[in-house]
Each structure stands twice: as C-alpha cells, then as structure tokens.
Amino acid sequence: MTIETVLGDITKQTDVEAIVNAANNSLLGGGGVDGAIHRAAGRELLAECRTLNGCETGEAKITSAYKLPCKYVIHTVGPIYRGGNSGEPQLLANAYKNSMKLALQNKIRTIAFPSISTGVYSYPLEEAAEIAVTTVNDFYMEHQNEFDCIRFVLFDSRTKQAYDNVIDRIILSS
Ligand code: ADP
C-alpha cells in the first residue's frame, strides 16, 4: 500500500473504486474538477446530486459514478481561502478526513483525490498539500488494512511537485 501521486485527469482513472470531487456547497456542479466530473459522469449524476440537499464545507456525501469508470463519487467541499484565519486548515483537513470515512463505511479500498481548494478556492498550494498529505496519511495509519491505494491525481506539474515534496518529507522519512 502506498499513498501515491500521478499527474493527470481524475475522470480518467480506471483502476480506483471512488474518486473525490472538490464540489461546492450546492453540489449542483461548477467549474474545474467538479465540471469535469459532471461532464464525464453524465446528467444522471446531477439528478442524484439534486436529491442530497447540498453539503456543508468540510463534509462529504457519496453518489454513484454513472458513466465514469469508477463506482462512486465522493463529493466534498473544501474551504474558500479567506486569508487563513477563518478556520480554513481545519475545514480542509475535515474534507479529506470525512471523504476517507465515507470510503471506509462503503468498503471502498481504492480512492483518488484531487487537490481540494487549490483552484478557484485559492488555498495556497504548499499549505494545502501539507494538510492533504498529513490528513490522509494519519487516517490511513489508523486504518491500514482497510485501504489498498490512496492516490492524489494532480492536474499540473507544479501541484504534483508540491504534493511529492510533502510525501518525501513526511512519509518517506518517517
Ligand atoms: P476548488 O474550487 O476546490 O479550488 P478547482 O476544481 O477549482 O477546485 O481546483 C482544484 C484542483 O483541481 C486544481 O489543482 C485544478 O487544477 C484541478 N483540476 C481541474 N480539473 C481537474 C481534473 N479533471 N482532474 C484532476 N484535477 C483537476
């Protein structure tokens, strides 16, 4: 088992059971990774999302994945970065933790995450990568036998580099 990073498009991951969507509070679609996931999954995803009554920041909800190659989409909402003193670190950690909890509850052993909040929501990349990797790794350490693969799918090389740097420092050196 590893926590791994790949450069790529999360909608094209063919060997994971669930992908995580960096959604917004409405869960009714948006830009960035959210838009890409809804486009690839098809209109049925939006129809199921309409039944969920939105999602609080830091919380997560699960749906089917429809036309995507995976089985489930876990929708979570990261914080909009407003300077860092509005609870953003805890909310970002909660988004990862609650996504992992939902995976566990649904016996999902392979999961792919995007870089939550570092696009339109403007979370500074290095700080977000640190929170993402440490939160996911801490959760994994408590549930080692319940996961086979945790993957960060990163859309550009700068983002991948930031995550790799944290993994090298925190996980590989521990
Ligand atoms: P947020 O609103 O949480 O900031 P965004 O979708 O704007 O979410 O951006 C989050 C990250 O997802 C960014 O690094 C962005 O480049 C990346 N991203 C956009 N499209 C995809 C995709 N298809 N697969 C993986 N990552 C993506």
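The values are calculated or read from the model by the stated rules, or taken from the named source; none is laboratory data. Predicted, not measured: the structure shown is a model, and the values here were computed from it. A quick note on method: Cβ atoms are made from the backbone with ideal geometry, for glycine too, and the neighbour counts reach across all protein chains shown.
Val166 - would you say it is part of a helix (DSSP H, G or I) and of a type in the set (Val, Ile, Thr)?
yes
Would you please list the contacts, defined by Cβ atoms under 9 Å and residues six or more apart or on different chains, that run from a residue in the stretch 105-129 that is modelled with pLDDT under 95 and within 7 Å of the ligand (Cβ to nearest atom) to a residue that is polar (S, T, N, Q) and part of a loop (DSSP other than H, G, I, E, B)?
Here the result reads none, with nothing in the stretch 105-129 linked to a residue that is polar (S, T, N, Q) and part of a loop (DSSP other than H, G, I, E, B).
Within the stretch 130-145, take every residue that is of a type in the set (A, V, I, L, M, F, W, C) and within 16 Å of the chain's Cα centre (by Cα) and give me the one that is nearest to the ligand (Cβ to nearest atom). Steps first, please.
To start, the set of residues in the stretch 130-145 that are of a type in the set (A, V, I, L, M, F, W, C) comprises 131-133, 136, 139, 141.
In the following step, the residues that additionally are within 16 Å of the chain's Cα centre (by Cα) were identified as 131-133, 136, 139.
Numbers: Ile131: 13, Ala132: 11, Val133: 15, Val136: 15, Phe139: 19 Å.
Among them, the one singled out is Ala132.
Name the single residue, out of those in the stretch 94-120 being farther than 17 Å from Ser157 by Cα and touching a Gly at 6+ places or on another chain (Cβ under 6 Å), that is surrounded by the fewest Cβ atoms within 10 Å (Cβ to Cβ).
The extreme case among them is Val120.
Before we move on, is Asn25 within 14 Å of the chain's Cα centre (by Cα), polar (S, T, N, Q) and under 25 Å from Leu91 (Cα atoms)? First the steps, then the outcome.
Details: within 14 Å of the chain's Cα centre (by Cα): no; polar (S, T, N, Q): yes; under 25 Å from Leu91 (Cα atoms): yes.
No: the conditions fail for Asn25.
Condition check ((1) within 12 Å of the ligand (Cβ to nearest atom); (2) among the small types (Gly, Ala, Ser); (3) modelled with pLDDT under 95) across all residues:
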{"position": "Val6", "(1), (2), (3)": "yes, no, no"}
{"position": "Asp9", "(1), (2), (3)": "yes, no, no"}
{"position": "Gly42", "(1), (2), (3)": "no, yes, no"}
{"position": "Leu45", "(1), (2), (3)": "no, no, no"}
{"position": "Arg50", "(1), (2), (3)": "no, no, no"}
{"position": "Ala60", "(1), (2), (3)": "no, yes, no"}
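When Thr11 is evaluated against the numbered criteria (1) without any contact (Cβ under 8 Å) to a residue 40 or more places away in the chain; (2) part of a helix (DSSP H, G or I), which criterion, by number, is the only one it fails?
All conditions pass for Thr11, except number (1).
Which residue out of Asp168, Asp148, Asp156 is surrounded by fewer than 19 Cβ atoms within 10 Å (Cβ to Cβ), acidic (Asp, Glu) and within 16 Å of the ligand (Cβ to nearest atom)?
After ruling out the rest, the residue left standing is Asp156.
Mind checking which residues of the stretch 109-134 are in contact with a Leu (Cβ under 8 Å, 6 or more places away or on another chain) and not hydroxyl-bearing (Ser, Thr, Tyr)?
Within the stretch 109-134, Pro114, Ile116, Ala128, Ile131, Ala132 qualify.
In the set Tyr96, Tyr66, which member is more than 21 Å from Ala129 (Cβ to Cβ), among the hydroxyl-bearing types (Ser, Thr, Tyr), touching a strand residue (DSSP E or B) at 6+ places or on another chain (Cβ under 9 Å) and more than 11 Å from the ligand (Cβ to nearest atom)?
Unique residue meeting the criteria: Tyr66.
Could you list, in sequence order, all residues of the stretch 41-98 that are of a type in the set (Gly, Ala, Ser) and either farther than 29 Å from His143 by Cα or more than 15 Å from the chain's Cα centre (by Cα) (or both)?
Those that are of a type in the set (Gly, Ala, Ser) and either farther than 29 Å from His143 by Cα or more than 15 Å from the chain's Cα centre (by Cα) (or both): Ala41, Gly42, Ala47, Gly54, Ser64, Gly83, Gly84, Ser86, Gly87.
Of the conditions (1) at pLDDT below 95; (2) buried (at least 18 other Cβ atoms within 10 Å of the Cβ); (3) among the hydroxyl-bearing types (Ser, Thr, Tyr), Thr135 satisfies every one except a single condition; which number is it?
Of everything listed in (1) at pLDDT below 95; (2) buried (at least 18 other Cβ atoms within 10 Å of the Cβ); (3) among the hydroxyl-bearing types (Ser, Thr, Tyr), Thr135 misses just condition (1).
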